Amino acid sequence: MGVDTFNPDAYDIYLQALQQRATFSYGGLEAAEKLLKGALTIDPDFLDAKTELASNYLHQFETGLMNQDDAFAEVSAITNQVLAVRPQDVRARAIQAFVRSLPSTMEGGSAVVSDAIQELEVLVAENPREY
């Protein structure tokens with residue numbers, strides 16, 4: 001699957017963001033967020049950058065850089081935007097499934113977690129190259 005922008009500047013910034021996020025450091029996550037927002041300023045329809053930004057917010061929650069309510073609100077808003085245009089976007093669907101199950105996981109609820117696992121297994125089976 002190719003990247004969905006024709007703007008080389010937006011794409012370059014996106015690649016820089018991926019490089020920063022790959023450090024999995026606090027500074028890297030914050031730098032990646034700024035870069036992704038920059039790419040989206042150049043190309044607001046760059047869905048892959050939006051999905052990466054949602055993923056970045058999820059990592060920021062996991063590391064304590066964002067609180068749960070803010071992170072989940074951002075992630076939900078962004079993935080809803082992506083899915084409105086690309087309803088079968090695997091990454092956006094997987095991120096949403098994870099976010100839906102996380103509160104139940106932390107509270108010990110197994111039904112929502114089981115549903116999320118089944119949904120993720122279907123996504124992986126349908127799209128093995130995405131994982």
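For first residues located in segment 34-61 and without any contact (Cβ under 8 Å) to a residue 40 or more places away in the chain, partners that are part of a loop (DSSP other than H, G, I, E, B) and open to solvent by 30 Å² or more (accessible area, probe 1.4 Å) and lie 6+ apart or on another chain with Cβ distances below 6 Å form the pairs Ile42/Asn7; Asp43/Asn7; Gln60/Met66. Do we find that Arg91 is of a type in the set (Lys, Arg), in contact (Cβ under 8 Å) with a residue 24 or more places away in the chain and over 20 Å from Glu119 (Cα atoms) in this structure? It is false that Arg91 is of a type in the set (Lys, Arg), in contact (Cβ under 8 Å) with a residue 24 or more places away in the chain and over 20 Å from Glu119 (Cα atoms). Of the residues making up segment 45-65, just one is acidic (Asp, Glu) and open to solvent by less than 10 Å² (accessible area, probe 1.4 Å), namely Glu52. A single entry from Glu62, Glu74 fulfils the requirement of being acidic (Asp, Glu) and within 14 Å of Arg21 (Cβ to Cβ): Glu62.
Rundown of residues vs (1) open to solvent by 10 Å² or more (accessible area, probe 1.4 Å); (2) within 23 Å of Arg93 (Cβ to Cβ); (3) hydroxyl-bearing (Ser, Thr, Tyr), yes/no style:
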{"site": "Phe6", "(1), (2), (3)": "yes, no, no"}
{"site": "Ala10", "(1), (2), (3)": "no, no, no"}
{"site": "Ala31", "(1), (2), (3)": "yes, no, no"}
{"site": "Leu36", "(1), (2), (3)": "no, yes, no"}
{"site": "Asp43", "(1), (2), (3)": "yes, yes, no"}
{"site": "Val75", "(1), (2), (3)": "no, yes, no"}
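In segment 1-21, the residues that are over 13 Å from Thr41 (Cβ atoms) and in contact (Cβ under 8 Å) with a residue 40 or more places away in the chain reach residues that are open to solvent by 50 Å² or more (accessible area, probe 1.4 Å) and of a type outside the set (Asp, Glu) with C-beta atoms within less than 8 angstrom, at least six apart or across chains, in these pairs: Met1/Arg129; Val3/Tyr11.
The values are calculated or read from the model by the stated rules, or taken from the named source; none is laboratory data. Since this is a predicted model, take the numbers as computed values, not measurements. Cβ atoms come from the backbone with ideal geometry, glycine included; neighbour counts cover every protein chain shown. These area figures cover heavy atoms from the full protein model, side chains too; ligands, DNA and RNA do not enter into them. Shrake-Rupley method; radii C 1.70, N 1.55, O 1.52, S 1.80 Å.
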